[in-house]
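The values are calculated or read from the model by the stated rules, or taken from the named source; none is laboratory data. Keep in mind that this is a model prediction, so the values were computed, not measured. Here the Cβ positions follow ideal geometry from the backbone for every residue, glycine too, while neighbour counts run over all protein chains shown.
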Amino acid sequence: MLPGDILKVDCFLNHLLDVSFLMEMGKEIARLYQSESVNKILTIESSGIPIAFAAAQHMNVPVVFAKKNKSGNISDDVYSSRISSFTRKNVYDAVVSKDFLGKNDRVLIIDDFLAKGNALNGLIDIINQAGATLCGCAIAIEKGFQGGGDVLREHGIRVDSLAIIDSMTENSLTFRK
Ligand code: G4P
């Protein structure tokens, strides 16, 4: 644990990539969404990409990753949504080219962490701008005590997290059963 309710997982997910473990995580996400006719995965750079890639390999669909635009210039060729990061205390525009998302897409969002849900809300906004269909959101680690996942579920959005942490102290983690 790091200060600010940050769980350090750079030994398998955020810095060093444990490829076998990531592939297993991708396999489980593919199993959960096997009957949803997903044809595209949407994630956001950077740490969402490896797990999205792993799931995509099992689902045989492409991955689109939203880019974090720091220039402030948004062109007409992209969908964009402003995201305010609770954990990192910054604001950025997530952008996706209009060439890669459209109304015929059935989209699964994948990300590494779910805290307050700001990144997911931005990606959902982009899916709505594209007129695409959201099948659900699959997350590696949800920090349940930060509430974002439960708010999305209350709004009828399917959210599947491989692990949900209900509380975190310096010495212990409690997982939701
Ligand atoms: P939210 O979207 O659910 O509201 O989450 P939040 O803004 O708080 O998260 C912003 C960034 O912080 C994300 O990375 C997310 O992966 C990361 N993050 C959130 N909680 C944790 C945590 O407990 N541990 C770790 N290691 N990371 C956490 P990002 O800014 O998009 O950057 P990147 O790492 O994906 O490049």
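If you go through region 131-152 one residue at a time, do you hit one that is modelled with pLDDT of 95 or more, β-branched (Val, Ile, Thr) and away from the ligand (no atom under 14 Å from the Cβ)?
Within region 131-152 (the criterion being modelled with pLDDT of 95 or more, β-branched (Val, Ile, Thr) and away from the ligand (no atom under 14 Å from the Cβ)), the answer is yes, since at least one residue qualifies.
Has region 3-20 got at least one residue that is within 16 Å of the ligand (Cβ to nearest atom), in contact (Cβ under 8 Å) with a residue 24 or more places away in the chain, part of a helix (DSSP H, G or I) and not small (Gly, Ala, Ser)?
No, because not a single residue in region 3-20 is within 16 Å of the ligand (Cβ to nearest atom), in contact (Cβ under 8 Å) with a residue 24 or more places away in the chain, part of a helix (DSSP H, G or I) and not small (Gly, Ala, Ser).
Is one or more of the residues making up region 98-106 crowded, with 18+ Cβ neighbours inside 10 Å, free of Cβ contacts under 8 Å to residues at least 40 places away in the same chain and either more than 9 Å from the ligand (Cβ to nearest atom) or not in a loop (DSSP other than H, G, I, E, B) (or both)?
No, region 98-106 has no match at all.
Under 7 Å by Cβ, and 6 or more places apart or on different chains, what pairs join a residue from region 66-86 that is touching a residue at least 40 places away in the same chain (Cβ under 8 Å) with one that is of a type in the set (Val, Ile, Thr) and within 13 Å of the ligand (Cβ to nearest atom)?
Going by the 7 Å Cβ cut-off, the qualifying pairs are Ala66/Ile44; Arg82/Val91.
Restricting the search to region 21-57, which residues are in a helix (DSSP H, G or I) and touching a helix residue (DSSP H, G or I) at 6+ places or on another chain (Cβ under 7 Å)?
Leu22, Met23, Met25, Gly26, Lys27, Ile29, Ala30, Pro50, Ile51, Ala54, Ala55, Gln57
Determine the pairs where a residue that is more than 18 Å from Cys135 (Cα to Cα), located within region 37-50, has a partner that is more than 8 Å from the ligand (Cβ to nearest atom) and of a type outside the set (A, V, I, L, M) with Cβ atoms under 7 Å apart, the partner being 6 or more residues away or on another chain.
Once the first residue is more than 18 Å from Cys135 (Cα to Cα) and sits in region 37-50, its partners that are more than 8 Å from the ligand (Cβ to nearest atom) and of a type outside the set (A, V, I, L, M) give Glu45/Phe65; Glu45/Lys67; Ile49/Thr43; Ile49/Phe65.
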